[in-house]
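**Q** This is the structure I want to talk about, given as structure tokens.
The values are calculated or read from the model by the stated rules, or taken from the named source; none is laboratory data. Quantities reported herein were computed from a predicted structural model and do not represent experimental measurements. Using ideal geometry, Cβ is built from the backbone for each residue, glycine included, and neighbour counts are taken over all protein chains shown. The accessibility values were calculated without ligands, DNA or RNA, using every heavy atom of the protein model including side chains. Shrake-Rupley method; radii C 1.70, N 1.55, O 1.52, S 1.80 Å.
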Amino acid sequence: MLTPLLAYADRARTLQGAELAQEIARLADPSLPADQVRLALALSQTRQLYDLVRAQELLQRVLANAGAEARPLHPVARLLATRFSEQRRVEDLLDRQNQQLRD
């Protein structure tokens, strides 16, 4: 189950622009935990705060799901959630530094 997700993460990393938007639209309303992780991975590639927040929310849904399909994904969901949280922290810090430079 994790190998296909890792392959997807590698593929999603290369998507840009219209291709990335199409992939996000294709996964628009995921009900399966694996699709929620896939959408989170795709959203993280947009480099937009709103999408990163949405990605974190999707990962929280996976972590809150105690079902048989979600449990094997919990370690990777925790890893991604931690990474995305750190990414947000660094981006917030960078925004504050840029604001200070402008002021």
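**Q** Please specify each residue of the range 8-32 satisfying the condition of being among the basic types (Lys, Arg) and within 13 Å of the chain's Cα centre (by Cα).
**A** Matches in the range 8-32: 13 only.
**Q** Look through the range 62-103, keep the residues that are part of a helix (DSSP H, G or I) and polar (S, T, N, Q), and return whichever of them is farthest from the chain's Cα centre (by Cα).
**A** First pass over the range 62-103, keeping only residues part of a helix (DSSP H, G or I): 62-64, 71-102.
Next, only the ones that are polar (S, T, N, Q) stay: 82, 85, 87, 97-100.
Values: 82: 11, 85: 10, 87: 11, 97: 25, 98: 25, 99: 26, 100: 29 Å.
So, considering only residues that are part of a helix (DSSP H, G or I) and polar (S, T, N, Q), the one farthest from the chain's Cα centre (by Cα) is 100.
**Q** Of everything in the range 32-50, what is open to solvent by 50 Å² or more (accessible area, probe 1.4 Å) and farther than 20 Å from residue 3 by Cα? Give them in sequence order.
**A** Matches in the range 32-50: 47, 48, 49, 50.
**Q** Please tell me if residue 51 is assigned to a helix (DSSP H, G or I), in contact with a Leu (Cβ under 8 Å, 6 or more places away or on another chain) and at pLDDT below 95.
**A** Working: assigned to a helix (DSSP H, G or I): yes; in contact with a Leu (Cβ under 8 Å, 6 or more places away or on another chain): yes; at pLDDT below 95: yes.
Taking the combined requirement at face value, the residue satisfies it.
**Q** Just the residues that are closer than 22 Å to residue 50 by Cβ and either modelled with pLDDT of 95 or more or basic (Lys, Arg) (or both), please, taken from the range 86-102. Write out each step before concluding.
**A** The initial filter retains those residues of the range 86-102 that are closer than 22 Å to residue 50 by Cβ, namely 86-99.
Matches in the range 86-102: 88, 89, 96.
**Q** I've got another one for you. With respect to the numbered conditions (1) under 22 Å from residue 88 (Cβ atoms); (2) open to solvent by 20 Å² or more (accessible area, probe 1.4 Å); (3) of a type outside the set (S, T, N, Q), which one is the sole condition not fulfilled by residue 20?
**A** Here residue 20 clears every test but (2).
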